[in-house]
Amino acid sequence: MTQGGVSSYKQSSKTVNKKKLANFRKYWDLYLIMVPGILFFIVFKYIPMWGVIIAFKDYSAFAGFAASEWVGWEHFIRMFQDNKFHEVFSNTLLISLYKLVWGFPGPIIFALMLNEVRRMFYKRSIQTLAYLPHFLSWVIVGGILVQVLSPSTGVVNEFIQFLGFDSIYFLGDSEWFRTVIVASDVWKTIGWGAIIYLAALAGIDPQLYEAAKIDGANKWRQLWHITIPTLLPTICILFILNLGNVLDVGFEQIYILLNPLVYDVGDVIETYVYREGITQAQFSYTTAVGLFKSAIALVLVIIVNKIIKKLGQPGIW
């Protein structure tokens with residue numbers, strides 16, 4: 001690079017720095033609002049990462065992180081050799097996939113249907129009813145499910161018996177337990193998950209629909225050629241983010257509804273880690289399990305993000 005080029009580069013960089021400083025001074029209050037969020041992630045997300053080291057050690061609470069004996073990959077080898085972990089991992093993967101298949105499109109479909117309601121009274125009433133389950137804890141929802149699905153006094157089984165069929169023990173039957181888990185999760189989250197899509201739908205230019213009507217496009221044509229393409233970037237980003245939690249099936253929900261009768265299909269990584277880590281004090285082993293789960297989620301996010309960007313859609317980075 002010539003001397004003139006170097007000087008022009010330095011001058012342009014100084015100009016950029018001055019603009020950044022002026023921007024910071026102008027919007028200092030907005031940057032100040034970011035501080036609590038940044039501190040939250042540093043204190044509760046990044047600093048605790050130091051604890052991951054115990055996955056490679058035989059951790060002792062008396063010796064501490066640094067002084068505990070280093071064992072390398074021993075806990076990971078034990079994890080892959082444990083038949084119980086294989087069962088737990090397969091249960092977690094199946095329930096996560098079921099939730100992704102049924103739970104991810106649910107808010108999209110609900111938002112599209114709600115967007116077509118023209119009377120504001122009905123639209124707001126439906127929105128309120130759909131949002132309400134999100135604000136109920138799984139303890140409350142679990143209690144409701146136990147009562148409603150009871151094989152002796154539950155409303156659902158009374159209706160089944162009225163139709164002439166035998167009652168079903170939904171929460172104690174391996175064939176029905178996963179269905180209850182997925183259906184209750186969709187019911188609880190579908191309204192709240194639709195908020196982002198409703199916001200994206202509100203941002204579509206109405207002139208696009210007016211032009212489509214002039215060209216003779218019906219509702220289905222407008223949906224496929226205007227609404228869906230406009231929502232697609234939002235759908236892609238949320239899909240990538242959901243894959244980051246693909247093995248997080250929800251500890252509270254599973255723990256409240258799980259019982260020994262359905263351990264073979266309902267025991268997941270979160271409940272397994274709780275039993276082995278908290279009740280059995282296997283801290284190093286369960287940290288290794290958690291690290292393995294996080295590594296899978298990270299790999300999935302990276303791969304899917306690259307695929308989506310190659311398809312011409314925006315990724316998360």
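Quick note: the coordinates plus some simple rules give every number you see, no bench work behind them. Quantities reported herein were computed from a predicted structural model and do not represent experimental measurements. Counting neighbours? That spans all protein chains shown, and the Cβs are built from the backbone with ideal geometry, glycine included.
Among (1) 62; (2) 50; (3) 70, find the value of percent of Cα pairs over 24 Å apart that was calculated from the structure presented, and write down its label.
Step by step, percent of Cα pairs over 24 Å apart for this structure corresponds to label (3).
Restricting to DSSP H runs of at least four residues, report the calculated mean residue ellipticity at 222 nm for the chain, -39500 (n - 2.57) per run over all residues, nearest 500 deg cm²/dmol.
-21500 deg cm²/dmol
Mind telling me which of G37, G103, G203 comes out most flexible in a GNM of the chain, alpha-carbon contacts under 10 Å?
Of the options given, G37 has the highest mean-square fluctuation.
How much length, in nm to one decimal, is gained on full extension between V155 and I307, taken as 0.36 nm per residue of separation minus their Cα-Cα distance?
Length gained between V155 and I307: 50.1 nm.
Select from K26, K57, K99 the residue whose mean-square fluctuation is largest in a Gaussian network model of the chain (Cα-Cα springs shorter than 10 Å).
Result: K26 has the largest fluctuation of those listed.
Non-local amide H neighbours of K57 (under 5 Å, H modeled in plane, Pro and chain starts lacking H): which ones?
Result for K57 returns V71.
What residue among Q81, Q253, Q282 shows peak mean-square fluctuation when the chain is described by a Gaussian network model with Cα springs under 10 Å?
Q81
Take the alpha carbon atoms of the range 164-205, find their center, do the same for the range 256-317, and report the distance between the two centers in whole angstrom.
21
Kindly list the residues of the range 268-304 that lie in the label zone of L241, defined by a backbone N under 19 Å from the point 7 Å along the Cα-to-C-beta vector.
Once the point is set 7 Å along Cα→Cβ of L241, 297-304 turn out to lie under 19 Å by backbone N, inside the range 268-304.
With unit charges on the beta carbon (Lys/Arg positive, Asp/Glu negative), name the residue among G103, A281, S174 whose Cα is farthest towards the positive pole of the charge dipole of the chain.
G103
Just flag the chymotrypsin sites (Phe, Trp or Tyr not before Pro) in the range 162-220 sitting in loop per DSSP whose Cβ has no more than 11 other Cβ atoms within 10 Å.
Those satisfying the criteria are F165.
Going Cα to Cα from K123, which lysines come in below 28 Å? Please leave out same-chain ones fewer than 8 positions away.
Cross-link targets: K99, K188, K213, K219.
From the residues T230, Y255, P206, which one has its Cα farthest along the dipole of the range 189-255 in the positive direction, the dipole being from +1 and -1 charges on Cβ of Lys/Arg and Asp/Glu about the Cα centre?
Working it through, the farthest residue towards the positive pole turns out to be P206.
Among all the aspartates and glutamates, which ones have a C-alpha under 18 Å from K309's C-alpha, if same-chain residues fewer than 8 places away are not counted?
In chain and number order, there are no partners.
What nm value, rounded to one decimal, do you get for the distance between S125 and Q280 when each label is placed 7 Å out toward the C-beta?
So the two model labels end up 5.3 nm from each other.
Under 26 Å between alpha carbons, and skipping anything fewer than 8 positions from K57 in its own chain: which lysines qualify?
Leaving aside lysines fewer than 8 places away in the same chain, those within reach of K57 are K45, K84, K293.
Using θ = phi - 60° and the Karplus form 6.51 cos²θ - 1.76 cosθ + 1.60, what ³J(HN,Hα) does each residue of the range 53-64 get, whole Hz, x for Gly and Pro?
4, 6, 5, 10, 10, 8, 5, 10, 5, 7, 7, x
With +1 on each Lys and Arg Cβ and -1 on each Asp and Glu Cβ, how big is the dipole of the range 200-298 about its Cα centre, in debye rounded to the nearest 20?
The calculation lands at about 260 debye.
If the only charges are +1 at each Lys and Arg Cβ and -1 at each Asp and Glu Cβ, what is the size of the charge dipole of the chain around the Cα centre, to the nearest 20 debye?
So the dipole magnitude of the chain works out to roughly 2160 debye.
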